[in-house]
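Colleague: Let me give you the structure first, and then I'll get to my questions.
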């Protein structure tokens, strides 16, 4: 079977439809991710009720996960090289973070698993599905 990061075909990970079944509408999620990024970077207090203070590592992972999932979803809507490249970069950043913090991962495959050699985008789907399945811990928005 051919591996296809756009459809998830050939990977032992949820398909995009499965992973993002309960995800917020793209525009709403884009706003939330931008807001989390602004709060994270200290650019503004923003609309998030409280900046992440309890566990900055969890807050960072939630931001990276939501951003990677958003970029993945956008790449599926616009499969051009720019959108796909942005999704791949965001997925790689999440995988790098998760490799450094393995206790935070939830799926059956580690971020550097050979399962995801071709693309880290299915890894994002695996982790997003696991994160939403347990109620989005660490999410402030």
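Colleague: Taking region 100-112 on its own, how many of its residues are crowded, with 17+ Cβ neighbours inside 10 Å and either without any contact (Cβ under 8 Å) to a residue 60 or more places away in the chain or touching a strand residue (DSSP E or B) at 6+ places or on another chain (Cβ under 9 Å) (or both)?
Modeller: Adding up the residues that qualify gives 3.
Colleague: If you check 128, 92, which single one turns out to be touching a residue at least 12 places away in the same chain (Cβ under 8 Å), surrounded by 17 or more Cβ atoms within 10 Å (Cβ to Cβ), within 21 Å of residue 40 (Cα to Cα) and out of contact with any helix residue (DSSP H, G or I) (no Cβ under 7 Å at 6 or more places or on another chain)?
Modeller: Exactly one of 128, 92 is touching a residue at least 12 places away in the same chain (Cβ under 8 Å), surrounded by 17 or more Cβ atoms within 10 Å (Cβ to Cβ), within 21 Å of residue 40 (Cα to Cα) and out of contact with any helix residue (DSSP H, G or I) (no Cβ under 7 Å at 6 or more places or on another chain), namely 92.
Colleague: Has region 79-99 got at least one residue that is out of contact with any strand residue (DSSP E or B) (no Cβ under 6 Å at 6 or more places or on another chain), modelled with pLDDT of 90 or more and within 18 Å of residue 35 (Cβ to Cβ)?
Modeller: Yes, there is a match, as at least one residue in region 79-99 is out of contact with any strand residue (DSSP E or B) (no Cβ under 6 Å at 6 or more places or on another chain), modelled with pLDDT of 90 or more and within 18 Å of residue 35 (Cβ to Cβ).
The values are calculated or read from the model by the stated rules, or taken from the named source; none is laboratory data. Because the structure is a prediction, the values reported are computed rather than measured. For neighbour counting, all protein chains shown are included, and Cβ atoms are generated from backbone atoms with ideal geometry for every residue, glycine included.
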